[in-house]
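Here's the structure we're looking at; comments come further down.
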Amino acid sequence: MLVYGKGFLKCEAPGIPFFYDKRKSFFTKTKRGFHSLPLGTVDRVYFNKNLRYSSNSIEVVEKAAIDMGSKEDKADNPALSSYDDAMEALSTLISRRNRGDRTPTRGNRDKLEQVITYLKILGLEDKIKELKVIHVAGTKGKGSTCVFSEAILRNCGFRTGMFTSPHLIDVRERFRIDGLDISEEKFLQYFWECWKLLKEKAVDGLTMPPLFQFLTVLAFKIFVCEKVDVAVIEVGLGGKLDSTNVIQKPVVCGIASLGMDHMDILGNTLADIAFHKAGIFKPQIPAFTVPQLSEAMEVLQKTANNLEVPLEVVPPLDLKKLDGVALGLSGDHQLVNAGLAVSLSRCWLQKTGNWEKMFPNGSKETEIPVAFCRGLATARLHGRAQVVHDVVSDPQDSSGSMETPCGDLIFYLDGAHSPESMEACGRWFSSAVGGNKSLSTAVNGYRRHGEYGRDFNRVSKQILLFNCMEVRDPQVLLPKLVTTCASSGTHFSKALFVPSMSTYNKVISGASAIPSDTRRKDLTWQFRLQRLWEKSIQGTDAALDHTLKLDGITVPPHDFLCGDAPQCGGAAGTQVTSSAVMPSLPLTINWLRDCVRRNPSLKLEVLVTGSLHLVGDVLRARVGDGAVGWELSIPTTTARTVGNLRVREGSPFKIAIFADLHFGEDTWTDWGPRQDVNSVNVMSAVLDAETPDFVVYLGDVVTANNIAIQNASLFWDKAISPTRDRGIPWATLFGNHDDASFLWPLDWFSSSGIPPVRCPAASDDDGCAFRGTTRVELIREEIKSSNALSYSMIGPKELWPSVSNYYLLVESSDHSKPPVALLYFLDSGGGSYPEVISNAQVEWFKTMSNTLNPDLRIPELIFWHIPSKAYKKVAPRLWITKPCVGSINKEKVAAQEAENGMMKVLENRSSVKAVFVGHNHGLDWCCPYKDKLWLCFARHTGYGGYGNWPRGSRNLEISEMPFRIKTWIRMEDGSVHSEVNLTYD
């Protein structure tokens with residue numbers, strides 16, 4: 001019997017109705033209690049044929065619900081669809097007109113009471129008590145600590161939420177779910193729900209909250225509704241009176257490094273500042289901190305003693321414990337933050353009862369689990385020790401081919417704004433540009449294709465691009481930066497001082513256009529910064545005219561950076577030797593681009609620092625006039641990093657693909673176990689003959705619907721053992737059989753050795769479904785500490801369906817060269833999910849690929865299990881003839897029900913070279929698709945599953961010089977066939 005169920009979030013976010021069977025769930029039940037179906041561009045969404053439900057019926061109900069929900073939402077909130085409207089609304093909550101205005105709008109003593117009142121209005125006061133929170137304060141490093149902690153726990157398999165501040169480009173950066181900024185759609189849902197309820201109460205006399213208070217309660221709303229397993233909360237300012245301090249019982253608290261900052265609010269001594277930071281301590285709740293100056297440590301310890309808080313001081317992370325893993329955040333100061341994050345994460349796992357579940361065999365306190373290493377390696381935080389290569393082309397070259405030689409323009413972004421952080425910034429910048437070679441390889445990003453090895457003929461110039469808030473003390477910041485860099489042998493050729501582009505009294509979206517009146521700025525503050533700079537460099541005051549009007553400001557000549565022309569700092573006749581005040585940031589960036597266009601031998605390394613707002617402005621300015629494109633630097637390391645693969649010097653990079661192994665079939669018979677042994681033999685023969693650098697398990701590793709035990713991981717582990725035993729790294733993705741429910745009645749089997757399947761008491765069927773092992777459980781088991789070579793990841797859980805959506809980077813053996821390839825792994829569903837690639841996955845791929853590979857210079861390979869319908873279009877009719885290559889074409893393509901435009905996205909990216917799938921055991925061909933990319937089947941590897949065709953494995957080889965990707969089939973008997981070059985000559 002089919003029952004209609006209407007699923008709606010309790011948090012008022014509209015869900016999508018679905019059908020389910022009383023005896024057998026339509027989907028595997030999750031703790032969220034509802035499932036949003038993918039809303040793609042196709043006319044209909046189909047589901048797994050094995051589920052036996054009418055796609056037409058589902059379509060009708062789904063469409064009606066979507067239409068109904070959409071109309072109701074827009075009726076309640078006319079501005080729901082407008083992100084700019086939400087930004088305008090947020091802007092009205094800014095009570096201060098400039099960043100230096102610290103005049104409180106109301107008494108601070110009742111600030112937390114007001115936040116609690118807002119939470120009550122939203123119905124969150126009791127619900128936030130259920131959040132399992134990591135609360136982090138500090139002067140410097142608290143944001144990095146939060147990012148490390150979130151990445152560690154996400155890589156342990158938990159659904160994470162993180163709230164940080166400030167944002168650089170878009171306010172959604174403050175709210176991360178499973179490592180990604182919250183989507184615009186979800187942000188608008190939760191934003192307008194909060195706004196509407198608070199606005200109604202504002203009419204009754206309660207004022208709307210100031211901006212940060214609103215964002216704080218919005219974060220709690222998001223995390224409660226998204227049902228995160230862990231909420232990592234960064235304090236905004238101070239701690240004791242901070243809006244986030246309504247958290248009464250966090251799981252654990254952390255205090256990062258303390259220093260002198262925000263003295264106008266927190267006090268003029270380190271003890272005063274420590275008092276505020278220690279305000280997040282809660283009675284008997286464990287806390288961790290890093291080594292502090294004695295003045296601060298005494299206050300922290302005294303507060304902890306008064307509250308009976310077990311406070312532990314954590315030393316910086318020992319690199320030796322990471323076994324060659326490089327931190328995802330650059331700079332030696334990050335070892336302090338990483339050490340704190342490891343302790344916070346370990347404590348969180350222990351206090352929530354998850355430590356023993358994840359590490360049942362125990363793990364010494366001094367050991368760093370592999371999942372922790374993976375998190376530390378993949379953590380990312382924009383604007384902190386970030387390297388961005390500007391892609392400069394000749395504006396006269398309309399083809400965009402970049403054939404015209406240009407110099408190099410590299411931006412080093414770090415939002416340091418305190419003396420301590422400025423010192424750390426100086427050390428990082430010096431190491432990144434060559435002061436410390438061992439660290440520079442870990443932060444030195446890839447450069448433009450075809451431009452390597454030219455640095456021997458380049459003239460390198462280090463440039464400072466600086467601005468800071470007027471509440472800061474540049475007399476301390478600038479000398480600290482100069483002396484730190486100089487001590488490492490790094491000297492700035494020039495300094496450029498620019499006004500801010502962002503407006504403090506307005507919240508704008510990341511997509512907003514750059515203001516057209518950027519020239520009309522008061523430059524008085526920038527001239528003061530320039531005077532301080534000249535004094536710190538030359539020891540004397542420069543003769544600057546501070547009465548200049550805008551018309552008196554000009555940009556320097558292009559040879560200013562080469563030191564051959566009169567220097568420009570103001571009107572004619574006003575000259576200084578090493579700096580310039582620039583009228584606007586967009587003009588400055590375009591001027592720097594013009595400089596490297598005119599000087600192909602020039603390499604500009606520009607440190608952008610002094611303010612996170614300036615860093616955000618630089619990132620936003622990439623869409624301004626003259627912007628061609630930016631390449632984000634991806635950290636590398638001298639040793640293998642979890643998440644990054646590397647080509648061996650002098651050798652191509654080889655990948656073996658094992659598809660459709662189907663371990664665990666018919667285990668109650670003699671035949672079943674023999675098939676698993678045969679499959680191990682196939683893999684062993686391929687591995688020994690090919691000696692690959694990497695292995696991809698392409699889905700259907702096990703046949704879960706044929707495994708009558710609770711833990712299918714036992715068979716999963718057996719399947720990966722040939723690769724693991726040879727010390728070869730691997731990655732897995734899921735197929736349609738890996739978590740399918742065990743469905744057959746018990747009387748099919750002998751009772752010997754089979755655990756009983758307990759059916760629901762209300763079941764009136766003669767058999768019942770055995771839940772089996774979920775995808776998340778399978779992958780958690782795989783990435784446990786004993787599998788140090790597993791590169792598999794649990795992707796963002798909002799990427800319905802399933803969990804194995806992630807990417808891996810293959811780095812060159814030469815640190816100065818760009819990555820060799822990007823490997824994307826997508827979950828094509830099946831089993832307990834529909835056999836689709838959803839619209840959410842498509843959007844995730846577009847976002848990630850455009851971020852990692854904006855100019856399509858890195859070759860991309862795509863892996864998923866079930867072929868798309870595009871495979872049907874290129875499938876050979878009978879015999880396999882050119883341009884297709886292969887040996888068996890024995891069945892029709894069993895395609896996905898929907899892929900929601902994924903193939904269109906892939907064919908429009910010239911960097912995508914091939915897609916690899918399994919699923920069809922009787923197909924092993926590769927065919928070109930629209931002369932843009934190749935569509936390839938793997939070869940049936942396992943003796944499990946249908947068909948008796950000879951077993952084998954598809955293999956890939958990626959060569960760097962000249963670049964080439966070729967593939968072939970290696971059979972169990974050692975023979976090789978069907979070789980083809982996947983890169984068009």
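Shape class for the range 901-980, computed from the alpha carbon gyration tensor (a ≥ b ≥ c): oblate, with a/c not under 1.5 and a/b at or below b/c. Placing +1 on the Cβ of every Lys and Arg and -1 on the Cβ of every Asp and Glu, with nothing else charged, gives the range 110-196 a dipole about its Cα centre of roughly 240 debye. Projecting label points 7 angstrom from Cα along Cα→Cβ for K506 and L197 puts them 3.1 nm apart. Using a cut-off of 30 Å between Cα atoms, the listed pairs K142/K186; K461/K521; K132/K321; K249/K302; K320/K913 include K320/K913 as exceeding that distance. Judged by the gyration tensor of its Cα atoms, with axes a ≥ b ≥ c, the range 245-383 is oblate; a/c meets the 1.5 cut and b/c is at least as large as a/b.
If the segment from N850 to L714 were pulled out straight at 0.36 nm per residue, it would be longer than the present Cα-Cα gap by 45.1 nm. Computed about its Cα centre, the charge dipole of the range 865-909 is approximately 200 debye, with only Lys, Arg, Asp and Glu carrying charge at their Cβ.
DSSP beta bridges fully contained in the range 159-254 are about 55 percent antiparallel.
Rounded to the nearest 20, the Cβ-based charge dipole of the range 867-963 about its Cα centre (Lys and Arg +1, Asp and Glu -1) stands at 280 debye. Computed FRET efficiency, Cβ-Cβ of R726 and N908, R0 56 Å: what is it to the nearest 0.05? Result of the calculation: an efficiency of 0.90. Think of the range 800-887 as having a plus end and a minus end, set by charges on the Cβ of Lys, Arg, Asp and Glu; of T851, V836, P819, V836 sits farthest toward the positive end of this dipole.
Once R0 is set to 45 Å, what does the formula 1/(1 + (r/R0)^6) return for the Cβ-Cβ distance between R964 and E356, expressed as a FRET efficiency to the nearest 0.05? So the FRET efficiency works out to roughly 0.40. Of H491, H737, H919, the order by accessible heavy-atom surface (1.4 Å probe, DNA, RNA and ligands excluded), from most exposed downward, is H491, H737, H919. Averaged over residues, the count of other Cβ atoms within 10 Å places the peptides 950-962, 160-172, 371-383 in the sequence 371-383, 160-172, 950-962, highest first.
The values are calculated or read from the model by the stated rules, or taken from the named source; none is laboratory data. Predicted model, so just to flag it, every value in this text is computed and none were measured. Neighbour counts run over all protein chains shown; Cβ positions are idealised from the backbone, glycine included. Surface areas here come from the heavy atoms of the whole protein model, side chains and all, with no ligands, DNA or RNA. Shrake-Rupley method; radii C 1.70, N 1.55, O 1.52, S 1.80 Å.
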